[in-house]
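Take a look at the structure set out below.
What follows draws every value from the coordinates through simple rules; no lab data is involved. This structure is a prediction, so every number in the text was calculated from the model and none was measured. No Cβ is skipped: glycine too gets one built from the backbone with ideal geometry, and neighbour counts run over all protein chains shown.
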Amino acid sequence: TGHANDIFCDNDFPTTNEMLVRGATLIVTETDFARRWMAEKYPFARRRIVRVFNGVATEGFAPRSPNQLSFSA
């Protein structure tokens, strides 16, 4: 996966983003902006870069009051 600091910030890691992209079967990022940026930076991998939103669709969950919640330790 490519996240903001992983792909937009320079670093001194011995493994570069390009090395990771070249070796990846699939590259996932969570925004369209990052997907486009990576596709422009690594055009050879364009077809392997996909966007998957992080999060949970909340439509199927009914709100509950705090006294209805149960926690187990």
Study note, to complete from the structure: If unit charges are put on Cβ atoms (+1 for Lys and Arg, -1 for Asp and Glu) and the dipole of the chain is taken about its Cα centre, the option from Ser65, Gly55, Phe44 lying farthest towards the positive end turns out to be Phe44
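Over the Cα atoms of the chain, Rg to Rh with Kirkwood Rh, two decimal places?
Values: Rg = 18.2 Å, Rh = 14.9 Å.
Dividing the radius of gyration by the Kirkwood radius yields 1.22.
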Study note, to complete from the structure: With Cα coordinates, the longest principal axis of the chain makes an angle with the long axis of helix 32-41, in degrees rounded to 10, of 20 degrees
**Study point:** Among Pro43, Pro14, Pro63: highest mean-square fluctuation, GNM of the chain, C-alpha pairs under 10 Å
**Key:** Pro63
Review point. Do any chymotrypsin sites (Phe, Trp or Tyr not before Pro) in the stretch 1-65 lie in a loop, going by DSSP, with at most 14 other beta-carbon atoms within 10 Å of their beta carbon, and if so which?
Key: Phe53, Phe61
Check your understanding: Across the stretch 55-61, in residue order, what do the Karplus-derived ³J(HN,Hα) couplings come to in whole Hz, using 6.51 cos²θ - 1.76 cosθ + 1.60 with θ = phi - 60° and x for Gly and Pro?
Key -> x, 10, 6, 8, 4, x, 10
Check your understanding: Top mean-square fluctuation among Glu30, Glu59, Glu18, Gaussian network model of the chain, C-alpha springs under 10 Å?
Key -> Glu59
